[in-house]
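Worksheet for the structure shown next.
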Amino acid sequence: MKIIVNGTDLSQAVMKVSKAISVKTTNPILEGIKLSVKGDNLTLSATDMEIAIEKTIRSDTFMEGSTVVPGKLFAEFVKKLENEDQVELVIEPDGKLKIVYGSSQVFLSVLPAEQFPNIDKTSKENAFSLLQKDFKDVINKTVFSCSTDESRPILKGCLFEVNENELTVVAIDGFRLAYAKKKVKNASSPFSVVVPARAVAEICRILDNDEEEITFISERNKFMIEVDETVFVTRLLEGNFVNYKQIIPDDFLTTVRVGRASLLNSLERATVVAKEAKNLVKLDIKEKYINVSANSESGNVNENVIINMEGKDLSIAFNSKYLCDALKAAGDEFVNIYLKNNISPCVIKPYSGEDYLYLILPIRINA
């Protein structure tokens, strides 16, 4: 293998694929980045067996070939070469990789490319397309509600349901639920998959052209996108996802319309005090206002937020973080909050439309 590449192109490509390098493994090959040269292209690949990322850049090729470089070391080193117009990569007769830049050179030990796992790219058996900004929006509205509990691995991902040109994304952690949907194009037959939270977050980082359409492909136990010479593949989570439709109540006694920013700001102030009390914040809902209060050994907060309310007065308590997360993700000027009593979950929806929904379980407190 012998090629010349632009230093900036190489650095950016390495930074992108390095997100898939394994950090906890007994297999050294998974700590590496595979370099494959074919024609006038250099393809860099990394995988931890859960996600895989490939990035292809242009190269001046003198000899094709492939090798696996130590990922972290290579990433740190080429970061220092991003201002170099030309970087030469050569496999020496002794098997080491020689990196030539300016009048300098460095040698790195490498591993055989044959030991690197094959990255299985899927066909278009199940697929849908939408704008990148729409995908990022539906993920930002849900992914924070994924569980981190290892005992329920299926909840560590987002449920993707595609049906009649609509994508619904759902995340649940046992204390809250987030639901959002978007219209899609070119949808195949209806299907549903559970994509790891880490994977959808990394996909969002890859997408950098909001107005460009992107196609998502799923087959068997894989989920894949390809954009700007970058391929991202993730393993899907296996198991039965929670039947979220049975969890969402439709019977309420109190409906509150409130300015999202006003309530969020009040809750964030209360959270400063509530941290010592496990983020416990109490909401006393009256005809014209919500009284937001929090108490701890360090102090207390007590303030009112103006609302429009229909139904019965109600006192209820929540983990303020869950409320704040939902209100931050909602983004609208006004939201509706639906409640039944102080032990039933509350539901937050947009003031108009049905594009998203948040369900949050209350905390039981003494009256």
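The values are calculated or read from the model by the stated rules, or taken from the named source; none is laboratory data. Every value quoted in this text rests on a predicted model; they were computed, and no experiment measured them. Don't worry about glycine lacking a Cβ; one is built from the backbone with ideal geometry, like all the others, and counts go over all protein chains shown. Surface areas here come from the heavy atoms of the whole protein model, side chains and all, with no ligands, DNA or RNA. Shrake-Rupley method; radii C 1.70, N 1.55, O 1.52, S 1.80 Å.
Of the strands (runs of 3 or more DSSP E) entirely within region 135-197, those holding at least 3 residues that are under 23 Å from Lys349 (Cα atoms) occupy 157-162, 166-172, 176-183. The residues of region 298-334 that are open to solvent by 40 Å² or more (accessible area, probe 1.4 Å) and part of a strand (DSSP E or B), listed by number, are Asn300, Asn302, Glu303, Asn304, Ile306, Asn308, Glu310, Gly311, Ser315, Phe334. Out of Arg220, Arg269, Arg260, one residue alone is open to solvent by 20 Å² or more (accessible area, probe 1.4 Å), on the phi > 0 side of the Ramachandran plot and more than 16 Å from the chain's Cα centre (by Cα). It is Arg220. It is to be established whether one or more residues within region 282-294 are open to solvent by 50 Å² or more (accessible area, probe 1.4 Å) and part of a helix (DSSP H, G or I). No, that holds for no residue. Selection of region 34-51 for residues being touching a Lys or Arg at 6+ places or on another chain (Cβ under 9 Å), among the hydrophobic types (A, V, I, L, M, F, W, C) and at pLDDT 95 or above yields Val37, Leu42, Leu44, Ala46, Ile51. Residue count for region 202-230 under the criterion of being assigned to a loop (DSSP other than H, G, I, E, B) and over 12 Å from Leu130 (Cβ atoms): the result is 6.
Looking only at region 335-348, which residues are surrounded by fewer than 19 Cβ atoms within 10 Å (Cβ to Cβ) and farther than 15 Å from Lys282 by Cα? Of everything in region 335-348, those that are surrounded by fewer than 19 Cβ atoms within 10 Å (Cβ to Cβ) and farther than 15 Å from Lys282 by Cα turn out to be Asn336, Lys340.
Out of all the residues in region 166-177, is one or more of a type in the set (Phe, Trp, Tyr), under 10 Å from the mean Cα position of the chain (by Cα) and open to solvent by 50 Å² or more (accessible area, probe 1.4 Å)? Lay out the reasoning, then the answer.
Of the residues in region 166-177, the ones of a type in the set (Phe, Trp, Tyr) are 175.
Next, from what is left, pick out any that are under 10 Å from the mean Cα position of the chain (by Cα): none.
No, region 166-177 has no match at all.
Under the condition of being over 22 Å from the mean Cα position of the chain (by Cα) and of a type in the set (Val, Ile, Thr), the residues counted in region 317-361 number 4. The residue of region 116-143 that is farthest from Ser188 (Cα to Cα), among those that are modelled with pLDDT under 95 and open to solvent by 40 Å² or more (accessible area, probe 1.4 Å), is Asn118. Restricting Val14, Val100, Val78, Val37 to residues that are surrounded by fewer than 18 Cβ atoms within 10 Å (Cβ to Cβ), touching a residue at least 12 places away in the same chain (Cβ under 8 Å) and not hydroxyl-bearing (Ser, Thr, Tyr) narrows the list to Val100.
What tally of residues in region 70-122 results from selecting those that are within 30 Å of Thr215 (Cα to Cα) and part of a strand (DSSP E or B)?
Taking region 70-122 and keeping what is within 30 Å of Thr215 (Cα to Cα), we get 71, 75, 113, 116-122.
Then keep just the ones that are part of a strand (DSSP E or B); that gives none.
Here the count works out to 0.
Give the residues of region 136-170 that are hydrophobic (A, V, I, L, M, F, W, C) and either out of contact with any Lys or Arg (no Cβ under 9 Å at 6 or more places or on another chain) or farther than 20 Å from Lys328 by Cα (or both), sorted by residue number. Selection gives Ile139, Val143, Ile154, Leu155, Cys158, Leu159, Phe160, Val162, Leu167, Val170.
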